Amino acid sequence: MKKLLLLFVGLSLVACGGSKNAAKNERYTLESLQNKTYEQVLNMYSDANPEEGSGGMEEGEERPYTVLYPNTENEILITWKDESKTSIFDINYSEEGKWSSARGIKIGTTYDELTKINGKEVKFYGFGWDYSGAVDWNGGKLEDSNIRVFLNPEGEIADKFYGDRMIEATPEEIEALNLKVSTIMYRN
């Protein structure tokens with residue numbers, strides 16, 4: 001009876017620890033920031049040592065921004081729709097820290113893992129331009145998500161993989177490129 005009680009207590013502790021870890025991991029998903037104001041973000045991440053600024057973002061548009069955990073592996077960039085920082089425009093992450101998407105996409109996720117999460121083969125744009133390696137969800141599970149990812153090749157890049165166009169590649173060519181997620185963006 002005593003052994004059974006000890007086993008029950010031990011399993012309960014493990015289960016509670018798993019719940020705490022899951023909650024801790026959910027705290028660091030890009031989606032956990034959606035629909036938050038500046039004040040709410042600071043309350044959620046009081047240890048983030050935020051840096052503030054305003055600058056040219058894509059297409060030269062000026063936006064206020066906040067950098068959480070600057071100069072660390074957990075650095076994340078939040079750009080705001082308005083000067084009062086009441087609405088997030090987008091969130092960008094490109095370090096190998098603790099952030100991920102709610103579906104488990106993180107920096108370093110491979111092309112094959114991404115395809116599995118999407119439930120359908122993903123397509124991608126060429127390299128060497130502003131949106132280098134941008135992923136097209138190709139009608140998969142993530143098609144209507146607000147998550148955008150960019151792939152980076154770790155293998156040798158042939159000339160045919162450069163440029164502002166959708167890439168056509170064989171499975172062998174994709175494998176040789178050794179594609180991994182290099183940037184994750186969440187856009188409202």
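The values are calculated or read from the model by the stated rules, or taken from the named source; none is laboratory data. Computed from a prediction, not measured in an experiment: that's the story for all the values here. Reconstructed Cβ throughout: ideal geometry from the backbone, glycine too, with neighbour counts over all protein chains shown. SASA here: full protein model, heavy atoms, side chains in, ligands and nucleic acids out. Shrake-Rupley method; radii C 1.70, N 1.55, O 1.52, S 1.80 Å.
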Would you confirm, using the coordinates I've provided, whether Thr183 is loosely packed, with under 14 Cβ neighbours inside 10 Å and among the β-branched types (Val, Ile, Thr)? no
Being more than 28 Å from Glu172 (Cα to Cα) and surrounded by 15 or more Cβ atoms within 10 Å (Cβ to Cβ) is the filter here, so list the residues in segment 84-94 that pass it. Lys85, Ile88, Phe89, Asp90, Ile91, Asn92, Tyr93
Among the residues of segment 123-172, the number that are among the aromatic types (Phe, Trp, Tyr) and open to solvent by 20 Å² or more (accessible area, probe 1.4 Å) is 5
Could you tell me whether Val9 is hydrophobic (A, V, I, L, M, F, W, C) and modelled with pLDDT of 90 or more? no
Suppose we keep only residues that are touching an Asp or Glu at 6+ places or on another chain (Cβ under 8 Å) and closer than 11 Å to Ile184 by Cβ within segment 107-121. Which one would you say is surrounded by the most Cβ atoms within 10 Å (Cβ to Cβ)? Ile107
Pick from Pro70, Pro50: which is more than 23 Å from Val149 (Cβ to Cβ), open to solvent by less than 100 Å² (accessible area, probe 1.4 Å) and either at pLDDT 70 or above or among the small types (Gly, Ala, Ser) (or both)? Pro50
Residue within segment 142-151 that is outside any strand (DSSP E or B), among the hydrophobic types (A, V, I, L, M, F, W, C) and at pLDDT 95 or above present: yes
If we ask which residues in segment 59-75 are in contact (Cβ under 8 Å) with a residue 24 or more places away in the chain and touching a strand residue (DSSP E or B) at 6+ places or on another chain (Cβ under 9 Å), their number turns out to be 5
